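Down below is the structure, laid out as structure tokens.
The values are calculated or read from the model by the stated rules, or taken from the named source; none is laboratory data. Bear in mind that the values here come from a model prediction, so they are computed numbers and not experimental data. Using ideal geometry, Cβ is built from the backbone for each residue, glycine included, and neighbour counts are taken over all protein chains shown. All accessible areas refer to the heavy atoms of the entire protein, side chains included, with ligands and DNA or RNA removed. Shrake-Rupley method; radii C 1.70, N 1.55, O 1.52, S 1.80 Å.
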Amino acid sequence: MRDFHRPGRSAVYATNGMCATSHPLAAKVAVQMMEAGGNAMDGAIAGAVLLGLCEPQMTGIGGDCFVLMTPPGEDRVVALNGSGRAPAGIDAEKLRAKGDTIALFSADAVTVPGAVDAFCKLSNDWGRLGLKAVLAPSIHYAEEGIPVAERVSSDWGQSTANLSGPARDYFLMNGKAPRPGQVFRAPQQAEVLRRIAMEGRAGFYEGEVAEDFVSSLQAVGGTHTLDDFANTASDYTDPIVGAYGGLDLFEHPPNGQGATAILLLNMLKHFNIAGMDPWGSERAHIEAEATKRAYDVRNNFMADPDYMSRLDYMTSPETAEKLAALIDPKRAMPAGMSGVEATHKDTIYITVVDKDRMCVSLIFSIFKDFGSGIASDKFGVLLQNRGAGFTLEKGHPNEAGPGKRPMHTIIPAILKKGTKVHMPFGVMGGQYQSTGHARFVTNITDFGLSPQAAIDAPRCFTEGNELRVENGYSAAVKSELAALGHNVVMPATAIGGAQAIMLHDDGVLEAGSDPRKDGCALGY
């Protein structure tokens, strides 16, 4: 039970269906889809696409997605990889001649967006209402406009320098970010969504829209071709599974970093986390040190699954045991993570559960704030810069190459208790996501927190040479962490953002939504 003397959100309860996401309008539309006879997949796609208009600095149809879902009446978890690939013309040698890393805001960083293909496939395979109905709310709001939310306005204002060329006309108002409450419209994107609604994936990956993408990218040095877009395809795959505290954690396999969350939890099993102060320095220190080692493994091995050979090593209990033994409980190891992809925090997550208990856990991103900053000339669709997730290290499994998928930070998750689905959840926040998954799971299992309380709780994260510690930690804890050798800093913005829906045995749904974002959970 929530302590009502302390700040925090109340849990949301419902019986028929539920959505939790980072913008209330998207949650409302997802619930409306279910009320109109659709299912969780219809609601998740409708809400996700709309989030690209509510939070365009975070996501959009020029990005990628990953999805975990359970069919209605089943506890089987299905995974879909909706991430795009590098163009056939990419050349790592030429990129190395330009620098040590791929330039973030360049055509070189643009991989072909994969989310639209995934949404079309998921709608066809699992939805009820069809694309016309599912995309109708986004078409409406793209034309009529959406008042910009407070957190969105703040993020928007911090990222305007990332926009270039036509993108500045499409996403700035008189050269500035919109203020809270100012209405943002994207009528040109409404036309793209109409074509997808009528023609399916061909309305995006072929014809005039694809031609606009290719000509816009080639004009700024891209090697992209119409074939690169036409050949884009999402793939069903098998989730990977770890266990902690009586729950099974289902994660998306590579090229997403889900295996890193499993490795982290396997390492934390070697410490008495439940015996620690949940907001004390001991837990924060152990988690930070485990993160450094787990992410170092990730950066050495994580890649396109066609090029990765060490997945079993990452998820092996023996690997976790050896890494956990290296942690000094009294001293921080030297800071820094080798080979980390470019930092970002720009992602949306949506989870939806319907009356038949189909569960959808969907994460969707354009990578950096406003992606590459490049928008297609005619239709104004921002293109992701997920190619910055490649390394230029020669021979590395994640080395940039033709048709390859880069390592991704975005990961959806589903928890099971025994054989039954217990909770779809996700944690936005770029690099933080694997640590965020581990923190969320240990909050629930080791400290008995409800989904909402587990989300509300303070966070910390080690990145680069800093241990970023939110305000919820006391000054004494921060001093103790500094004494252990951590460079303790206050993050510029709150760390991450989480959403979750718990399925109770009595048929009640319980949802939590992160107060660090503008969104909410809604049910009916």
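Scanning segment 233-258 for residues that are open to solvent by less than 20 Å² (accessible area, probe 1.4 Å) and either among the aliphatic types (A, V, I, L, M) or within 20 Å of Pro397 (Cα to Cα) (or both) gives Leu247, Leu249, His252, Pro253, Pro254, Asn255, Gly256, Gln257, Gly258. Using the structure shown, decide if Ala133 is among the small types (Gly, Ala, Ser), buried (at least 24 other Cβ atoms within 10 Å of the Cβ), closer than 18 Å to Met198 by Cα and in contact (Cβ under 8 Å) with a residue 24 or more places away in the chain. So Ala133 fails the test.
Filtered by the rule that a residue be touching a Phe, Trp or Tyr at 6+ places or on another chain (Cβ under 8 Å) and either touching a residue at least 60 places away in the same chain (Cβ under 8 Å) or among the aliphatic types (A, V, I, L, M) (or both), segment 136-155 gives Ile146, Val148.
Cβ-Cβ distances below 6 Å connect the following pairs, each with a first residue in segment 357-380 that is part of a strand (DSSP E or B), a second residue that is among the basic types (Lys, Arg), and a separation of six or more residues or different chains: Phe367/Arg386.
Among the residues of segment 466-487, is any open to solvent by less than 40 Å² (accessible area, probe 1.4 Å), within 25 Å of His270 (Cβ to Cβ) and of a type in the set (Asp, Glu)? No; the residues of segment 466-487 include none that is open to solvent by less than 40 Å² (accessible area, probe 1.4 Å), within 25 Å of His270 (Cβ to Cβ) and of a type in the set (Asp, Glu).
Number of residues in segment 170-180 that are assigned to a helix (DSSP H, G or I) and either touching a Pro at 6+ places or on another chain (Cβ under 7 Å) or farther than 13 Å from Gly371 by Cβ (or both): the value is 1. Within segment 183-207, residues that are at positive phi sit with their Cβ atoms under 8 Å from residues that are assigned to a helix (DSSP H, G or I) and modelled with pLDDT of 95 or more, at 6+ positions apart or across chains, in these pairs: Gly200/Cys120; Gly200/Asn124; Gly200/Leu131; Gly207/Arg195; Gly207/Glu199.
Residues that are within 15 Å of the chain's Cα centre (by Cα) and modelled with pLDDT of 95 or more within segment 408-432 comprise Ile411, Pro412, Ala413, Ile414, Pro424, Phe425, Gly426, Val427, listed in sequence order.
Looking only at residues of segment 302-320 that are open to solvent by 50 Å² or more (accessible area, probe 1.4 Å) and closer than 17 Å to Glu399 by Cα, we find that the one that is modelled with the lowest pLDDT is Ser309.
Only one entry in Gly84, Gly60 is of a type outside the set (Phe, Trp, Tyr), out of contact with any Asp or Glu (no Cβ under 9 Å at 6 or more places or on another chain), buried (at least 24 other Cβ atoms within 10 Å of the Cβ) and outside any helix (DSSP H, G or I), namely Gly60.
Can you tell me which of His270, His285 is part of a helix (DSSP H, G or I) and either out of contact with any helix residue (DSSP H, G or I) (no Cβ under 9 Å at 6 or more places or on another chain) or closer than 22 Å to Arg459 by Cα (or both)?
His285
Among the residues of segment 489-504, those identified as under 21 Å from Ala332 (Cβ atoms) and surrounded by fewer than 20 Cβ atoms within 10 Å (Cβ to Cβ) are Val489, Met490, Pro491.
Can you find a residue in segment 146-169 that is over 29 Å from Val183 (Cα atoms), open to solvent by 60 Å² or more (accessible area, probe 1.4 Å), at pLDDT 95 or above and in a helix (DSSP H, G or I)? Checked against the condition, which is being over 29 Å from Val183 (Cα atoms), open to solvent by 60 Å² or more (accessible area, probe 1.4 Å), at pLDDT 95 or above and in a helix (DSSP H, G or I), segment 146-169 yields no hits at all.
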